[in-house]
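Notes to accompany the following structure.
The values are calculated or read from the model by the stated rules, or taken from the named source; none is laboratory data. Owing to the predicted nature of the structure, the values given are computational and were not obtained by experimental measurement. FYI the Cβ positions are ideal-geometry reconstructions off the backbone, even for glycines, and counts take in every protein chain you see.
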Amino acid sequence: MWDGAEADVDGLMDIILDPVDVHEDVATRLEASELRGHVRALPPLDRVVIVRRYGLLGAPTKPQDLARDLHVRIETVRNAERRAMRALRQAYVNSTVG
């Protein structure tokens, strides 16, 4: 049950007073949801590298730390990151064209 907390009222007031921000927020959430779907579609190594490298589930991880943790060469991590970023860019372009 809502207890009348000031933060709840402030958040609701922001939405009421600025409907443009609401539309932008919804668009941002939809884009984020779409991005999560594209990340999930990446090959396993590429997905792990992107998730950990950019801190999608915690703190960002340096390439050398990822290489150590995954028991691969740092070049393998860099290649996976490049492949993943290329795939994510292409997915974004495809989604904005259609």
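Values for this structure:
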item: Some residue of segment 35-45 being part of a helix (DSSP H, G or I), touching a Phe, Trp or Tyr at 6+ places or on another chain (Cβ under 9 Å) and at pLDDT below 85; result: yes
item: Test: residue in segment 72-87 that is surrounded by fewer than 12 Cβ atoms within 10 Å (Cβ to Cβ), assigned to a helix (DSSP H, G or I) and modelled with pLDDT of 65 or more; result: yes
item: Long-range neighbours under 7 Å by Cβ, at least six apart or interchain, first residue more than 19 Å from T96 (Cβ to Cβ) within segment 22-48, second at pLDDT below 90 and surrounded by fewer than 10 Cβ atoms within 10 Å (Cβ to Cβ); result: none
